[in-house]
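The structure appears below as structure tokens.
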Amino acid sequence: MKNASILGSIAGDVIGSIYEFNPTKDYHFNMFDERMEYTDDSIMTIAVADWLLNCSKLDRISLAKTMREWGNKYRFPMGGYGGSFTAWLYREEMGPYNSWGNGSAMRVSPVSFVCRTLDETLRIAQLSAEITHNHPEGIKGAQATAAAIFLARTGSSKEYIRNYISHTFGYELDKTCCDIREHYRFEESCQETVPQSIIAFLDSKNYEDAIRLTVSLGGDADTMGAITGGIAAAFYKEIPDEIYTFVWEKLPNDMQAIVTAFENKIRM
């Protein structure tokens, strides 16, 4: 088993990648399909990590610049970018576009691993969201995900995480994956993916179980994998060697370098 921080989110993205537009309800799906690749979720997670590592001033301007650099370097990831986000990537003068989509939640995990307090986590998560996703639901989705990861990382119980997220953000977390799976379908909104992704973590027994649960809900599998994977890696502190190696070998050298630098930073 290997320790992991942001690779937990990246692995969830990679494993969910081929099920984004071809959803599965099968818990026993193949986790090591060679067609699996990193998507925009991983690229933007790397961009946020790069920003946290290398920008002396954590502001909107430096984050937008870093995200655009990575997005323009990797223009055609598996599954592509959303239409509005693509426009934002290529037009420097474009500001936030009031999105409530789950893109704000899928890229936030690095924030939770470097911030020292929950208040700081919520503040930086909001900043990371609102440069594009400045709709209240877009901000809430990022903050709820970041809070769950921070609480998981710092030793909170699953019940405490459930209660905190429910009371603070109003998400209903009393259902189980079995309750959700039968009627769930592909969704791109924070409000219809973040709670389900958190429930997949809450229902899980370990990292692999968490990813199997979230992907097999049959939704936006790569993004839900990234959200659930970030929380699960923070809580369980490790991911199976086979998953780690499979995903690591999918990443280009520059992405590997950011992951390595980030891991080194948080262990200092």
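Structure above, values below:
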| read-out | value |
| --- | --- |
| 22 Å Cα-Cα reach of residue 140 towards lysines, excluding residues that sit fewer than 8 places from it in its own chain | 158, 175 |
| Point-charge dipole on Cβ atoms (K/R +1, D/E -1) for the chain, about Cα centre, debye to 20 | 700 debye |
| Residue 61-residue 178 FRET efficiency (beta carbon distance; Förster radius 35 Å; 0.05 resolution) | 0.15 |
| Largest-first ellipsoid semi-axes for segment 1-89, taking √(5λ) over the Cα gyration tensor eigenvalues, angstrom | 27, 17, 9 |
| Those lysines that a straight Cα-Cα span of less than 20 Å connects to residue 65, excepting residues fewer than 8 apart in one chain | 57, 73 |
| Nearest-0.05 FRET efficiency for residue 261 and residue 205, computed from C-beta distance (R0 35 Å) | 0.65 |
| Rotationally averaged projected area of segment 189-268 (alpha carbon convex hull; nm²) | 5.9 nm² |
| Semi-axis lengths (Å, descending) of the ellipsoid that matches the C-alpha gyration tensor of segment 64-207 | 27, 18, 13 |
| Two-decimal ratio, segment 6-267, of alpha-carbon radius of gyration to 2.2 N^0.38 Å | 0.89 |
| Cα shape, segment 228-268, gyration tensor, a/c 1.5 rule | oblate |
| Descending semi-axes in whole angstrom, ellipsoid equivalent of segment 1-45, from the Cα gyration tensor | 19, 14, 9 |
| Of 144, 235, 266, farthest towards positive along the dipole that unit charges on Lys, Arg, Asp, Glu beta carbons give the chain | 266 |
| Cut-off 18 Å, label 7 Å out along Cα→Cβ of residue 253, residues of segment 62-91 by amide N | 73-74 |
| Per-selection metrics, segment 129-247 (Cα): Rg and Dmax in Å | 13.4, 38 |
| Inter-site label distance for residue 75 and residue 241 at 7 Å from Cα along Cβ, in nm | 4.1 nm |
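Every read-out reported here was derived from the displayed coordinates using simple, explicitly stated rules and does not represent laboratory data. Because the structure is a prediction, the values reported are computed rather than measured. Every residue, glycine as well, gets a Cβ built from its backbone with ideal geometry; the counts of neighbours run over all protein chains shown.
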